[in-house]
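Have a look at the structure below before the remarks.
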Amino acid sequence: MRQLRILARVVVETFLGIKRSGWSNWLVISILAIALTIFGSVLQLTMSLKNLVNMWGSQLVISAFLSDKYEPREVARDVSQYKEVRLVEVITKDVAWEDMKKTLNAASISNPLPNTLHVTVNRADQVEALAPKLKLLPAIEAVRYPMMVVKRINEFRHFIEIAGVVVTGALTAATLTVIGNTIHLVIQARQKEIEILSLMGVGHFYIKCPFVLQGAFYGAVAATLAMLVLLTMHMYVIQPYLSQELASIAPLFPKNWGYNILQTFTVMLVLGVAVGAGGGAWTSGRYIKI
Amino acid sequence: MIRLQHVSKSYGGRPALKDINLHVALGEFAFLVGPSGAGKSTMMRLLYREEVPTSGSVFIGGVNLNRLSPRQIPLLRRRLGIIFQDYKLLTRQTAFDNVAYILRALGVDEKDVRKRVTSALNVVNLEDKADAFPDELSGGEQQRVGIARAIVNGPPVLLADEPTGNLDPATSLEIVQLLSRISERGTTVLISTHDHTIVDAMRRRVIALKNGELFSDVDSGVYDMDLTAV
Ligand SMILES: Nc1ncnc2c1ncn2[C@@H]1O[C@H](COP(=O)(O)OP(=O)(O)O)[C@@H](O)[C@H]1O
Ligand SMILES: [Mg+2]
């Protein structure tokens, strides 16, 4: 009960501090919101690409071409023992040849095609691990898989991740500076008051906590604003145009590839509050000498 | 209640207090006198742990203040009522809220806050000014708010550093008499001053400092004329 009343007082003191900060509140919140919007976009994009690669990747199939000396069904059984493998489909050389003859009209020559396995894996990142293993099997002469596409997407994703981390980092540093300055101003304006409180025996926690909460408040408001921006972008730009465009260019493109927006918001909120509270804690620790 | 043992304090090599030994008993009422620069405020700051002695030890209620960690300083100050020459009131808060501040910060429930603040304002005779802001009060009234704030948490020790320094003689005497009445309830009171009139009027213990040294210490004294003839 007592702790609750103290907490309630601290919250009241926090909002008095916010009220006194006036316009600089909005400066802090806008900068932090911009940083979080960029961070959120990057997060959303890389997570979506990761999803995409996973969903698409699991449709990707490793084609394994077999030596004629082995019985394809037996090889298929061996291959299906690998834990990465979800499905093995056997295309015998006869079936393949029949198919080909329909289009090529090359009836006079003997069948040049190998027996083929279409090996489907569980997850995209398993393709590259499994392919060389398959190639080591004596029965398998060659493997082929659309590695390049997945690789390109992954490279692009890594680039975005690194750029995102750098930009977010720079903006976070800028935000910390602005939060620090704002809270420093509040502390300066309250210097005499803080001195009085300290002489009256008011605890350090009670004196400093409002500044930490003020920072956390900035973080929460900025995260909410950033989320609104992201949601708007998602609803009016990405959803109607981009998704459809992509779908028409690449039919394989999975429809529902958006990373869960609630998770993005949670991460942004946590980051925003952490940066804000951290800035407040650092500034009050540095400038409140009691 | 208050004990100093071989306490010295220097600022950048210049001594402000030199080897002070002193004891003020529980419930005692004493003046700390001396001309400006004698070291009165320095001694007060040592007592409420705003400063630490360069050498020697300061005890309040048996606790060695040298050994207090920063976290324990607020606990010490809650057991002291501190009164200042410039009152040090929160200008944006009413008299009531000034007195109530520490109680609220300690999580005392509002009903109790109301009761205790009202009774403290009663002691200083300011019930009817509870809702006034400091700038709406006279100097004497502001100091009485300061005293109400100092006693609201029932501290065993009151420290007043030149509490009448900004007040006219009549008001000064009222304030000192008020502090004397409070001490009758068992509170140890130490008042620093260089105001002869109040010291002479009260005839209580007078501890005199001169150039940072303990010059005299008499049980029911007056302001020593030798002090002013430095
Ligand atoms: N913070 C300080 N820094 C340097 N010198 C100080 C400081 N505080 C007090 N002094 C010096 O210590 C001596 C005693 O000062 P003070 O305790 O304020 O005297 P009083 O309160 O009796 O007028 C003076 O010479 C003063 O200049
Ligand atoms: Mg002084």
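Taking the stretch A:118-200 and the helices (runs of 4 or more DSSP H) fully enclosed by it, the elements with 2 or more residues that are within 14 Å of chain B (Cβ to nearest Cβ) are at A:147-189, A:191-199. Residue pairs whose Cβ atoms lie under 8 Å apart, separated by 6 or more positions or on different chains, with the first residue in the stretch A:223-236 and closer than 14 Å to A:Leu271 by Cβ and the second open to solvent by 70 Å² or more (accessible area, probe 1.4 Å), are A:Ala226/A:Ile34.
The single condition among (1) more than 16 Å from ligand 1 (Cβ to nearest atom); (2) in contact (Cβ under 8 Å) with a residue 12 or more places away in the chain that B:Ile191 does not meet is (1). In the stretch B:186-197, the residue that is nearest to ligand 2 (Cβ to nearest atom) out of those that are assigned to a loop (DSSP other than H, G, I, E, B) and either within 14 Å of chain A (Cβ to nearest Cβ) or out of contact with any strand residue (DSSP E or B) (no Cβ under 6 Å at 6 or more places or on another chain) (or both) is B:His194.
Whether any residue in the stretch B:164-185 is closer than 19 Å to B:Val99 by Cα and within 16 Å of ligand 2 (Cβ to nearest atom) is what I want to check. Checked the stretch B:164-185: no residue is closer than 19 Å to B:Val99 by Cα and within 16 Å of ligand 2 (Cβ to nearest atom). Within the stretch B:44-76, the set of residues being basic (Lys, Arg), at negative phi and within 12 Å of chain A (Cβ to nearest Cβ) comprises B:Arg45, B:Arg71. Against the test of being more than 14 Å from every other protein chain (Cβ to nearest Cβ), in contact (Cβ under 8 Å) with a residue 60 or more places away in the chain and within 14 Å of ligand 1 (Cβ to nearest atom), the options B:Ala30, B:Ala25, B:Ala38 yield a single qualifying residue, B:Ala38. In the set B:Asp161, B:Asp217, only one residue is more than 16 Å from ligand 2 (Cβ to nearest atom), surrounded by 13 or more Cβ atoms within 10 Å (Cβ to Cβ) and under 20 Å from the mean Cα position of the chain (by Cα); that residue is B:Asp217. Across the stretch B:145-181, what is the total count of residues that are more than 21 Å from B:Phe133 (Cα to Cα) and in a helix (DSSP H, G or I)? Qualifying residue count, the stretch B:145-181: 11.
A quick yes/no check of all residues on (1) surrounded by 15 or more Cβ atoms within 10 Å (Cβ to Cβ); (2) at pLDDT 95 or above; (3) within 16 Å of ligand 2 (Cβ to nearest atom); (4) among the charged types (D, E, K, R):
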{"position": "B:Leu22", "(1), (2), (3), (4)": "yes, yes, no, no"}
{"position": "B:Lys40", "(1), (2), (3), (4)": "yes, yes, yes, yes"}
{"position": "B:Tyr48", "(1), (2), (3), (4)": "yes, yes, yes, no"}
{"position": "B:Gly61", "(1), (2), (3), (4)": "no, no, no, no"}
{"position": "B:Arg71", "(1), (2), (3), (4)": "no, no, no, yes"}
{"position": "B:Ile83", "(1), (2), (3), (4)": "yes, yes, yes, no"}
{"position": "B:Phe96", "(1), (2), (3), (4)": "yes, yes, no, no"}
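Collect the residues in the stretch B:129-151 that are under 13 Å from the mean Cα position of the chain (by Cα) and of a type in the set (Gly, Ala, Ser), keeping them in residue-number order. B:Gly146, B:Ala148, B:Ala150, listed by residue number.
Can you confirm whether A:Ile179 is over 30 Å from B:Arg45 (Cβ atoms) and either at pLDDT 85 or above or β-branched (Val, Ile, Thr) (or both)? Yes: the conditions hold for A:Ile179. For B:Arg114, state whether it is over 14 Å from B:Ile151 (Cα atoms), away from ligand 2 (no atom under 16 Å from the Cβ), in a helix (DSSP H, G or I) and at pLDDT 95 or above. Considered against the rule, which asks whether it is over 14 Å from B:Ile151 (Cα atoms), away from ligand 2 (no atom under 16 Å from the Cβ), in a helix (DSSP H, G or I) and at pLDDT 95 or above, B:Arg114 comes out as yes. Assess whether B:Val222 counts as being open to solvent by 10 Å² or more (accessible area, probe 1.4 Å) and either within 14 Å of chain A (Cβ to nearest Cβ) or not in a strand (DSSP E or B) (or both). Criteria met by B:Val222.
The values are calculated or read from the model by the stated rules, or taken from the named source; none is laboratory data. Just so you know, these numbers come straight off a predicted model, no measurement behind them. Here the Cβ is made from the backbone with ideal geometry for all residues, glycine too, and neighbour counts use every protein chain on show. Only protein heavy atoms, including side chains, enter the accessible area calculation; ligands, DNA and RNA are left aside. Shrake-Rupley method; radii C 1.70, N 1.55, O 1.52, S 1.80 Å.
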